[in-house]
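Everything on this sheet refers to the single structure shown next.
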Amino acid sequence: MRWAGKSIMHIPDGFIDTKTAITTGILSVAGLGMALQQVKRHMPQRNVPLMGLAAAFVFVAQMLNFPVAGGTSGHLMGAVLVSVLLGPSAAIIVMSSVLIVQCFLFADGGVLALGANVFNMAIAAPLLGYVIYFLVRRLMGGERGRIAAVTFAAWCSTVIASICCTGELAWSDTVSWNAGFPAMTNIHMLIGLGEGIITALIIVAIGKTRPELLFKKEEMSAAQKTAGVVVYGLLITLGLILFVAPFASGWPDGLEKVAASLGFGHKAGTQPVVNAPLHDYIIPGVGSAATATVIAGGIGIIVVFMLSFFLARILVPKSDK
């Protein structure tokens, strides 16, 4: 049985203890607060709708599991992708918005474990991934250097998040570090290959069709261009929900596979702390699983888009400096 939906490395309730939940919660609140301040000070007004689009795309991408060796599945996390396009502070807000909606609307990741999930995937992954991207980009110039940097950084972000997750599980005495570290990192090194390849392909496509999103030049950043990107991006995102999400791999994700193999899967809470209205992407009264997934995904797109968009709208000054 899947714990909660379709997403990779989302820790369910029961896997971490109280001290770990409180500590990661404090760290996540502090990190998100700093990101909100940075966005308020430095993000240009034209990027506000792009934050909503990025959140919607990441939400959909995390529903599209691809098969990995050994009967395991993975999906795009998107942390480095958003960091490269909008900056690490904006990426923290976008990724946090997605994780919060997944948690409370779909029970994807535990409520008590939300701080840990935000720390792993919305703070550590985009921040450290962006640092790696920046350093490799300094060493390798040109378009090939950009693609090599984003591919490697995206792969690293998946492995980094898995290491953080392992540390939290070990600190909670859920699994020993010696057993959990090789199991988690080995499978997520494979999943990270998909993360790196998909991220690179998206960056290449953006570079060819909308280079203004990669090259920060004022003459290439008109509000009309941004509006066009958002509209087309939402159409593509909706298409993914309609035509791809119902057929995503149903194999267990990396954390679920490791939990089963190391014998701590039973610790996942069976009773949710908060009753999510669309638990496991199921729509009451809709008999078809594929149809329910499409409807639930559509609702998720709207919610994460509006959450990220309005957060940015409230924070970013109207004058674009």
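Miscellaneous remarks
- Residues in segment 47-65 that are hydrophobic (A, V, I, L, M, F, W, C) and part of a helix (DSSP H, G or I): 48, 50, 51, 53, 54, 55, 56, 57, 58, 59, 60, 61.
- Boolean, residue 33 is in a helix (DSSP H, G or I), without any contact (Cβ under 8 Å) to a residue 12 or more places away in the chain and not charged (D, E, K, R): yes
- Qualifying residue in segment 14-32 (condition: modelled with pLDDT under 85 and crowded, with 24+ Cβ neighbours inside 10 Å): no
- Residue check for residue 1: over 15 Å from the mean Cα position of the chain (by Cα), part of a helix (DSSP H, G or I) and either at pLDDT 90 or above or not small (Gly, Ala, Ser) (or both): no
- Those helices (runs of 4 or more DSSP H) of segment 201-320 in which at least 1 residues are modelled with pLDDT of 75 or more and closer than 26 Å to residue 86 by Cβ, considering only elements entirely within it, cover 289-315.
- Extreme residue, surrounded by the most Cβ atoms within 10 Å (Cβ to Cβ), among residues of segment 77-106 that are under 9 Å from the mean Cα position of the chain (by Cα) and outside any helix (DSSP H, G or I): 77
- Qualifying residue in segment 107-123 (condition: assigned to a helix (DSSP H, G or I), among the aliphatic types (A, V, I, L, M) and surrounded by fewer than 24 Cβ atoms within 10 Å (Cβ to Cβ)): no
- Filter pass, residue 139 being crowded, with 17+ Cβ neighbours inside 10 Å and either out of contact with any Pro (no Cβ under 7 Å at 6 or more places or on another chain) or without any contact (Cβ under 8 Å) to a residue 24 or more places away in the chain (or both): no
- Residue match in segment 138-156 (condition: touching a His at 6+ places or on another chain (Cβ under 8 Å) and either aliphatic (A, V, I, L, M) or assigned to a helix (DSSP H, G or I) (or both)): no
- From the list 157, 172, the one residue that fits, being small (Gly, Ala, Ser), touching a residue at least 24 places away in the same chain (Cβ under 8 Å) and more than 21 Å from residue 13 (Cβ to Cβ), is 157.
- Candidate set: segment 161-171, residues that are under 18 Å from residue 189 (Cβ atoms) and surrounded by 24 or more Cβ atoms within 10 Å (Cβ to Cβ); chosen: the one nearest to the chain's Cα centre (by Cα): 161
- Leading residue by the ranking (farthest from residue 24 (Cα to Cα)) among those in segment 159-192 that are assigned to a helix (DSSP H, G or I) and polar (S, T, N, Q): 186
The values are calculated or read from the model by the stated rules, or taken from the named source; none is laboratory data. Note that the structure is a prediction, hence the values are computed from the model and not measured. A quick note on method: Cβ atoms are made from the backbone with ideal geometry, for glycine too, and the neighbour counts reach across all protein chains shown.
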